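Reviewing the structure listed below.
Every number in this text was worked out from the coordinates using simple rules, so none of it is lab data. Computed from a prediction, not measured in an experiment: that's the story for all the values here. Don't worry about glycine lacking a Cβ; one is built from the backbone with ideal geometry, like all the others, and counts go over all protein chains shown.
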Number of protein chains: 2
Amino acid sequence: MKSDFREVREELRQRILQGVWAPGDLVPNEVDLAAEFGCARATVNRAMRELAEAGLIERKRKAGTRVRLSPRRAARFDIPIVREEIEARGAAYRYALISRDEIAPPDWLAARMALAPGDLVLHLTCLHHADGQPYQHEERWISLAALPQARDGDFTATGPNEWLVREVPFSDAEISFSAIAADDQLARRMGCATGDALFLVERATWWEGRAITFVRLAHQRGHRMTTRY
Amino acid sequence: MKSDFREVREELRQRILQGVWAPGDLVPNEVDLAAEFGCARATVNRAMRELAEAGLIERKRKAGTRVRLSPRRAARFDIPIVREEIEARGAAYRYALISRDEIAPPDWLAARMALAPGDLVLHLTCLHHADGQPYQHEERWISLAALPQARDGDFTATGPNEWLVREVPFSDAEISFSAIAADDQLARRMGCATGDALFLVERATWWEGRAITFVRLAHQRGHRMTTRY
DNA sequence: AAGTGGTCTAGACCACATT
DNA sequence: ATGTGGTCTAGACCACTTA
């Protein structure tokens with residue numbers, strides 16, 4: 001009757017999914033379950049901790065553990081580095097810098113990155129190709145207040161992403177996915193028609209409360225981001 | 001010098017982010033770190049397990065623990081129930097069934113859901129409104145081989161999602177995000193222009209290796225899915 | 001006040017990958 | 001063969017929340 005924590009976890013998961021314990025129900029406490037499974041309380045604790053993290057149950061001291069009314073469904077996406085993503089498909093990766101300038105941030109960007117008045121940003125646009133075809137269009141802004149050394153960065157051979165990974169850590173990021181229509185410029189660069197639907201990833205990155213960089217990544221038509229859970 | 005696992009975890013995280021241990025470096029083993037932090041090995045283990053799960057380090061028995069060359073970046077998205085998503089915005093939710101029929105699955109669907117030849121599917125289309133405006137267009141296929149009781153389901157008042165949540169568990173799901181252009185029909189239903197870029201979520205759901213349902217959720221123009229990590 | 005989960009400990013054994 | 005992480009155990013104490 002000895003069980004390891006995976007067996008306990010899966011057995012508990014089954015009971016929840018098959019309705020032995022219905023949504024809202026109180027689940028037996030750790031001591032009782034440990035006795036039932038013939039294992040230590042720590043083992044049950046680990047199993048239940050993972051189920052809680054997966055959103056199946058809710059735990060409160062003294063109040064006990066309950067099956068969530070509607071299981072929270074969360075999916076985890078790996079955010080790929082574009083070079084690795086392309087090479088993983090067996091395609092040849094090529095990078096090109098399109099433009100580079102130092103500008104005062106537009107209002108929306110200053111707001112989004114919480115920049116102080118007068119802060120400048122380095123504005124870069126580049127293209128990532130797979131087997132010679134445009135794959136991803138990157139438009140990036142880097143806070144020169146937070147990262148003055150970006151002025152000396154060479155972004156002609158490798159993308160700002162790889163430079164940033166080497167240069168700075170980040171502690172916090174906000175990412176969002178959406179769909180946009182390609183404007184004329186983007187269509188020309190991506191080799192698609194104006195108005196084509198493109199998959200857009202935006203990411204803002206912070207280090208100790210300070211905005212580092214904001215990037216908009218527009219992907220080729222038909223691009224999908226997939227995960228299992 | 002006693003430390004709890006959070007303190008250990010954060011101290012190790014700092015050392016990695018600040019380059020004390022550079023990417024590729026070997027990190028001291030658990031016994032040594034436990035001695036350094038004045039805690040039990042299990043405490044170090046928990047701290048490092050969480051860092052590994054966060055993608056900062058890689059662990060192998062005998063080989064030890066190394067700082068990842070480029071930290072894996074993963075983001076977690078909550079997959080909302082559309083009714084809750086709309087109500088959370090303080091908007092009124094309304095649901096409407098557009099069509100319902102029983103069909104032989106198109107080839108792409110049979111392949112995607114691994115259906116047997118001859119299997120039929122229930123095909124539903126519906127609209128979810130927020131404050132009277134089209135918010136999400138749902139096109140759903142339910143395997144009648146796996147879920148014959150779907151024939152008797154009433155989807156006129158509540159969406160198939162809520163029916164499925166009550167009726168069947170799932171063990172496994174694949175979700176993908178992309179961008180599509182609205183065709184004439186979709187544009188008419190969503191109240192947008194033909195060709196507008198829409199954010200699309202597709203999800204296939206399985207139970208014990210058997211395909212249950214596949215759904216395509218097209219969202220209103222400008223919809224974003226956001227998370228922090 | 002009391003019951004529950006959260007965590008730590010010290011020790012043990014095992015599984016695995018490298019040597 | 002050996003060193004490392006992976007896990008379990010039995011017991012303990014603490015923290016939080018409800019009654």
What is the ratio of the Cα radius of gyration of region A:134-212 to 2.2 N^0.38 Å, where N is its residue count, to two decimals? 1.27
Nm distances between the label at A:A22 and the same-position labels in the remaining copies, 7 Å along Cα→Cβ, shortest first? 6.2
Take chain A, connect every pair of alpha-carbon atoms lying under 10 Å apart with a spring to form a Gaussian network, then pick out the residue of A:A52, A:A193, A:A63 with the largest mean-square fluctuation. A:A63
Alpha-carbon spread of the protein assembly as shown, three principal axes, descending order, Å: 67, 62, 43
For chain A, take the longest principal axis of its alpha carbons; what is the angle in degrees between that and the long axis of helix A:5-17, to the nearest 10 within 0 to 90? 90
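Charges only on Cβ, +1 for Lys and Arg, -1 for Asp and Glu: so what's the dipole of chain B about the Cα centre, in debye to the nearest 20?
On the way: 33 positive and 33 negative charges, 203 e Å.
The dipole of chain B has a size of about 980 debye.
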When the charge dipole of chain B is computed with +1 at the Cβ of Lys and Arg and -1 at the Cβ of Asp and Glu, the Cα pointing farthest to the positive end, of B:F5, B:I81, B:A91, is that of B:F5
Compare B:L26, B:L164, B:L127 in a GNM of chain B, Cα atoms joined below 10 Å, and give the one with the largest fluctuation. B:L26
With n ≥ 4 as the cut-off for DSSP H runs, can you work out [θ] at 222 nm for chain B, using -39500 (n - 2.57) per run divided by the number of residues, rounded to the nearest 500? -8000 deg cm²/dmol
Compute the label-point distances linking B:D152 to its equivalents in the other copies; points lie 7 Å from Cα along Cα→Cβ; give nm, one decimal, shortest first. 7.6
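Rank the residues A:T65, B:T156 as a footprinting-exposure proxy: fewest other Cβ atoms within 10 Å of their Cβ go first. Write out the running numbers ahead of the final one.
Working: A:T65 20, B:T156 10.
Ordered by Cβ neighbours within 10 Å, fewest first: B:T156, A:T65.
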Among B:W163, B:W21, B:W141, which one moves the most in a GNM of chain B with springs linking Cα atoms closer than 10 Å? B:W21
Distances in nm from A:R216 to the matching label points in the other copies, shortest first (labels 7 Å along Cα to Cβ): 2.7
Can you give the angle from 0 to 90° between the axis of helix A:41-53 and the longest principal axis of chain A, with both taken from C-alpha atoms, to the nearest 10? 40
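Over all alpha-carbon pairs in chain A, figure out the percentage whose distance exceeds 33 Å.
On the way: 10836 of 26106 pairs.
Taking all Cα-Cα pairs of chain A, the fraction more than 33 Å apart is 42 percent.
Please report, in debye to the nearest 20, how large the charge dipole of the protein assembly as shown is about its Cα centre when each Lys and Arg carries +1 at its beta carbon and each Asp and Glu carries -1 there.
Working: 66 positive and 66 negative charges, 221 e Å.
The calculated dipole for the protein assembly as shown is roughly 1060 debye.
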For region B:82-219, whose charge dipole is built from +1 on Lys and Arg Cβ atoms and -1 on Asp and Glu Cβ atoms, the candidate among B:W207, B:A145, B:Q185 with its Cα farthest towards the positive end is B:Q185
